[in-house]
Each structure stands twice: as C-alpha cells, then as structure tokens.
1. State which residue is surrounded by the most Cβ atoms within 10 Å (Cβ to Cβ) when the search covers only segment 19-50 and only residues that are over 27 Å from the mean Cα position of the chain (by Cα) and in contact (Cβ under 8 Å) with a residue 24 or more places away in the chain.
2. What number of residues within segment 139-159 satisfy the criterion of being of a type in the set (A, V, I, L, M, F, W, C) and outside any helix (DSSP H, G or I)?
3. Please find, within segment 51-109, the residue that is nearest to the chain's Cα centre (by Cα) out of those that are crowded, with 16+ Cβ neighbours inside 10 Å, at pLDDT below 85 and more than 30 Å from Glu122 (Cα to Cα).
Amino acid sequence: MTHDQSPETRELLRRSAAGDEAAFRDLVERHEGRVYRLALQLLGDPVAAEEAAQETFVRLYRSLDGLRGDARLSTWLHRVTVNLCRDEQRRLKRAERLTDLDTAAPKLVVLGSQTDDLEREEMRQRIRAALERLPEQQKEAIVLRYLSELSYAEISEATGASPNTVASRVYRGLRQLGALLGADRGEEEVS
C-alpha cells in the first residue's frame, strides 16, 4: 500500500492539477474503495454511500490546485467524506422530523374530551406551521424534548450544546411557539 506522501502520489496530484485525466483516474482508483467503505459505514445505505464517494472525488478535482503537498491525501479525503456524510445525515434527520411531526404533533397539545377530529387536525396544522417559523435551534430543541421525549442531557449530547443552552432554547422556543399560536388565534402575543 502506498502512502499518500509518496513521491508517486505527489506526482499524480501535480499531473492531475495540470489537467492529466489519466493521473486523476489513477488517484481515484487508488482511494475509491476506502472512501466508499467509509461512507457506507457512516450512512448505512449503498446508494447514498456511492453518491457521497462521487461527490468526494468531485471536490478533490475542484481542489487540486489548492492541495498542499505536505498534507496527506487520505486525510483530506477522509475529512471531506465525513463532512459530506454528516450533511446527508442532517438532511435526512430534518426530513424525518418533518414527516414525524404529522403523527407526533398531538403530543404538544392538551386536547379536551370535547375536541372533535376537525379541531385536532386544525391544531396539528397550526403547530406545524408555527414550528416551521421558529429558529432552527429552537425548533430542534422542542422537537427533541417533546416529540422524541429526550432529557436535556440527551439533547445536549445529540446537539453538542450545553444542557443550559438546551434548556434556554426550549424555553425561548416554547415562548415563541405560544406567541405564534396566540397570534394565529388573534390573541395578544407574549413578549
């Protein structure tokens, strides 16, 4: 196995940057297996892993002129692949949260026994619309706290924010959510 800092790899990078397509294909062939396996481990989906691997090499091609000769190519490819996979995971989680919101929205509402199905559906729609208007971090904190039923410590671990920051986001988000829902009903907003 060749090391990325070998003279051969540096020469392939130099030739690739100069427009030598065969040299770039050689670089891709040397690293595509490792990049794909990493993406597959992170994403768990062969199609998504293939897309992430392809995008990694597209970014390599676009970055050829800026790559420093002293940096390990494998390290650069690893970092780009991990970041692309994280972006894809975030995108998928956002899509899941929005889908799950339709079924989980009733947990946010205390409904009396006299409330009929039409009123419940209206309330779900209002909550969903109000949640969409919240800042992303507040919306995320509320969804994790009340729909996923995570503790502040668990939310802290999932988001990387401190427990105090999580508590603040939940508090501010609930106040804003209440204000938005009150405004939708024509009530005065809470300041």
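1. Leu27
2. 1
3. Across segment 51-109, the extreme among qualifying residues is Ser74.
The values are calculated or read from the model by the stated rules, or taken from the named source; none is laboratory data. These numbers were taken from a predicted model, which means no experiment stands behind them. Counting neighbours? That spans all protein chains shown, and the Cβs are built from the backbone with ideal geometry, glycine included.
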